[in-house]
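Bear in mind that the values in this text are calculations on the coordinates, not laboratory data. Please read all numbers here as calculations on a predicted model, not as lab measurements. As a convention, Cβ positions derive from the backbone with ideal geometry for all residues, glycine included, and neighbour counts pool all protein chains shown.
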Amino acid sequence: RCGSHHAWDAAVFDLQQVAVVFFVALHAAPVDSGMWPLLVGRLASAPVLVVVVALTSGIRPSAGFPWRLAVVSGVFDTLANVFFLLATRSGDLGVSAVVVSLYPVVVALLAGVVLRERLTGMQLGGAGLAVGASVLLAVGG
């Protein structure tokens, strides 16, 4: 079990590195490229994701597959990427990257509200500090 936990941590770390490269590449895209970098990124990543999930999880899209949730999730992910691209084109990448890195806070708060998961004082305190630091960075930056 310990070995699989280490492999999972390594995989998550690798995915985070890919995300960093993706966001830096979006920032480096020419302003006149419009939304093409997002389309190319989506066309490249979606098939890879489908293959990885199919090979590693055993999940197969069937009649019971939550298609609606998958589509809504994809739409919100795409909107988030559009807003990130617009933010980096009109502002500082450092500030945009810090704000984007707050997504775990949103996930934790949604888990508390939607799934009624109990958040610890440490989680709430960390979320408060992260949001406060981001506000200070945005105001001071």
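Some observations on this one:
- Subtracting the Cα-Cα distance of Val31 and Val48 from their residue separation scaled by 0.36 nm leaves 3.4 nm.
- Per-residue packing, averaged as other Cβ atoms within 10 Å, sorts the ranges 114-126, 26-38 into the order 26-38, 114-126, beginning with the highest.
- For Leu124, net neighbour charge (Lys/Arg +1, Asp/Glu -1) across residues whose Cβ lies under 14 Å away: 0
- The phi torsions of the range 22-34, fed into the Karplus equation with coefficients 6.51, -1.76 and 1.60 and a -60° offset, translate into couplings of 4, 5, 5, 5, 4, 5, 7, 5, x, 4, 7, 7, x Hz, rounded to whole numbers, with Gly and Pro shown as x.
- Only Cα pairs under 8 Å and 6+ residues apart enter the sum, and on that basis the relative contact order of the range 16-141 stands at 25 percent.
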